[in-house]
Amino acid sequence: MGHRLIVLLFLIIFCPASTFAEDVVVVVNQKNSVNKLTRDEVIDIFLGRNRQLSSGVTALPLDLPGTADEREYFYSHLTGKSMSEINAYWARLIFTGRATPPTLVRSQEEAMQMVIDNRSAISYVNRNKASSQVRIVFELNNK
Amino acid sequence: MVLHHSGLHMTLNLNNRILTTLTLWFWAFTVHAGQVGNITYSGNGYYTIGIGKMLSGTHVNVENYNCPCLISDYAQAAVYDGRSSLQWKPDSKLGVQGTASNKGVSLTTQIVARGASGSADLEWLYGNYDLNDKMSIQLGRKRLPMFYYSDVQDIGFALPWTHLPPGLYGWEAVNYNGVNVRYQDHWERWTSTANLLAGSESNNNSGYWKIYNGRQSRSNINWSNIWGGDLTLSKDWHETRLVYIQSNTQENLVSGEWNPNTQSYTLASSVIYPLAKQQIYGLTFKADYHNWLFHSEIVQIDHPGLNYKDHAQLLALGYHYEQWQPIFTWGRYKGTAVNNGLLPGVQPWNYSQDVQQTVSISIRYDVTATSDLKVQFDSETDHSDPGYSPNYGNARLLTFTYDRVF
């Protein structure tokens, strides 16, 4: 038993942080009538291509800080592009006024609170941060 | 202080350049985003630190340039010349942008300081109003969308090259003052963006014409009755763009003596070329499939009143592997006369063909998610007719850049 505990502690300490980010979900406000989003719809929302939801609401996407593992995992697995490529894509839009990037929040906790408070907000968070007060509309994991 | 006005175009003289640049840096690093009352404001910026070395080429003096020469940006007269030392001015630049917005109305301004021009220029200043979810209108100073990368031509981080392929991305006007209506729509997996624009542009010291009329020359250009539009269709991994723009153009070559103390010309004489119509046609196809990148672009510019045409083509193939992105690029420019090249109202001119071909190998390495390092080898071959002037000859250039957005 003691041996297993040591192994478990070892795995927790030395396991790369990114493995904890490998179960990311996209969440919306409970009052938003959208129940499910496709991968393409999530890409359109977070890359500024189309933010009109089927519920008629214009989505307000939120971005986690650049230091969050979930951010890199989300974009790389959603689009197949690196963060550098995503940022180069946004540079083309930001500096030409063609689209507004997702609103930057400071933490997953702040993202959750904004989604709870704002009917238009949509964010990606680690599944274990998803509150019961929001609705999961897309799941991004390695399964 | 000597201030040259050209519409909204402002050029600050040497005495203020350092102060301006320091102010830009301070502003860019201290301001990022915030809110005052109902007004949301944001600040972003970018810079490129570039160095280049001419490896070899045709040794000749052309229009006061000590060649071999490679022109990295025609509009700014950014030229790598034949000096043996490293050169940093042609590709180095710093840009900052500020946007203030409130309920569908926004005001955006962007200032760019370039090593090539040695000045800070107001590149963008426009107001935007969202008419509805799909349509918006912009009024003010904007980039003229002649080419695929026109909008981001200064943002090195958004480009796969250390500088844009000069044969295609080289023209006398890059901005305009006027109005633009943008429409964006979606159906199935297709996204379409259309722009309709109208306006005018004038530049009282064109960098482009210094390439052709001489380093110390001064040419004023005036584009009037600009109108046109572009349409971009994209789906998943590919993108197609069509553009048509037309205008009346006029060049005024001012002869005189440059006074470095007053940073101005003592006017001796001027030649005003006839007002002539130009029609610009462009087609771009771009693919980003898995890790492969493909870019092709064709531009043709007809000058029916001046009896010549410009043709430019670009093909690029690259591959993205982790942080690395090598890309191979081929580009060609050809200027040809039609109707024997008679220039009405001035004199018959014996127009010879102006032809350059450039082959480039570039490697990009993403240092962080917001910065990259690039190295690029350009080999330009001049195939112009022997009688064509100015004939800059061949050039082989090595450039390095560090690009960052913030």
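Observations
- Leading residue by the ranking (nearest to A:N87 (Cα to Cα)) among those in segment B:148-175 that are more than 14 Å from chain A (Cβ to nearest Cβ) and more than 11 Å from the chain's Cα centre (by Cα): B:T162
- Qualifying residue in segment B:194-214 (condition: within 13 Å of chain A (Cβ to nearest Cβ), surrounded by fewer than 21 Cβ atoms within 10 Å (Cβ to Cβ), under 23 Å from A:R51 (Cα atoms) and not polar (S, T, N, Q)): yes
- Some residue of segment B:143-152 being of a type in the set (D, E, K, R), within 30 Å of B:H59 (Cα to Cα) and surrounded by fewer than 23 Cβ atoms within 10 Å (Cβ to Cβ): no
- Set side by side, the residues B:N128, B:N132 differ, and just one is in a strand (DSSP E or B) and over 26 Å from B:Q279 (Cα atoms), which is B:N128.
- Whichever residue in segment B:101-113 is within 21 Å of the chain's Cα centre (by Cα) and among the hydrophobic types (A, V, I, L, M, F, W, C) and, among such residues, is farthest from B:G156 (Cα to Cα): B:I111
- Matching residues, segment A:85-103, being modelled with pLDDT under 90 and in contact with an Asp or Glu (Cβ under 6 Å, 6 or more places away or on another chain): A:T96
- Residues located in segment B:263-292, provided they are at pLDDT below 95, touching a His at 6+ places or on another chain (Cβ under 9 Å) and among the aliphatic types (A, V, I, L, M): B:A276
- Exclusive hit being within 12 Å of chain A (Cβ to nearest Cβ) and either modelled with pLDDT under 90 or surrounded by 23 or more Cβ atoms within 10 Å (Cβ to Cβ) (or both), set B:N132, B:N128: B:N132
To keep it simple, each residue is scored yes or no on (1) exposed (fewer than 15 other Cβ atoms within 10 Å of the Cβ); (2) in contact with an Asp or Glu (Cβ under 7 Å, 6 or more places away or on another chain).
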| position | (1), (2) |
| --- | --- |
| B:S217 | no, no |
| B:N222 | no, no |
| B:L231 | no, no |
| B:K235 | yes, no |
| B:H238 | yes, no |
| B:R241 | no, yes |
| B:Y244 | yes, no |
| B:L253 | no, no |
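- Scanning segment B:276-322 for residues that are in contact with a Phe, Trp or Tyr (Cβ under 7 Å, 6 or more places away or on another chain) and without any contact (Cβ under 8 Å) to a residue 24 or more places away in the chain returns B:S296, B:Q300, B:L315.
Results for (1) within 13 Å of another protein chain (Cβ to nearest Cβ); (2) over 16 Å from the mean Cα position of the chain (by Cα); (3) outside any strand (DSSP E or B); (4) touching a residue at least 24 places away in the same chain (Cβ under 8 Å), shown as yes or no for each residue.
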| residue | (1), (2), (3), (4) |
| --- | --- |
| B:G45 | yes, yes, no, yes |
| B:G52 | no, yes, no, yes |
| B:G82 | no, yes, yes, yes |
| B:K89 | no, no, yes, yes |
| B:G95 | yes, no, no, yes |
| B:T99 | yes, yes, no, yes |
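- Condition check for B:A75 on (1) out of contact with any Lys or Arg (no Cβ under 8 Å at 6 or more places or on another chain); (2) in a strand (DSSP E or B): one failure, at (2).
- Elements of the type helices (runs of 4 or more DSSP H) sitting completely within segment A:26-143 and holding at least 3 residues that are within 14 Å of chain B (Cβ to nearest Cβ) and closer than 25 Å to B:N291 by Cβ: these cover A:39-46, A:69-79, A:83-94.
The values are calculated or read from the model by the stated rules, or taken from the named source; none is laboratory data. Every value quoted in this text rests on a predicted model; they were computed, and no experiment measured them. Quick reminder, even Gly has a Cβ in these numbers, built from the backbone with ideal geometry, and neighbours come from all protein chains shown.
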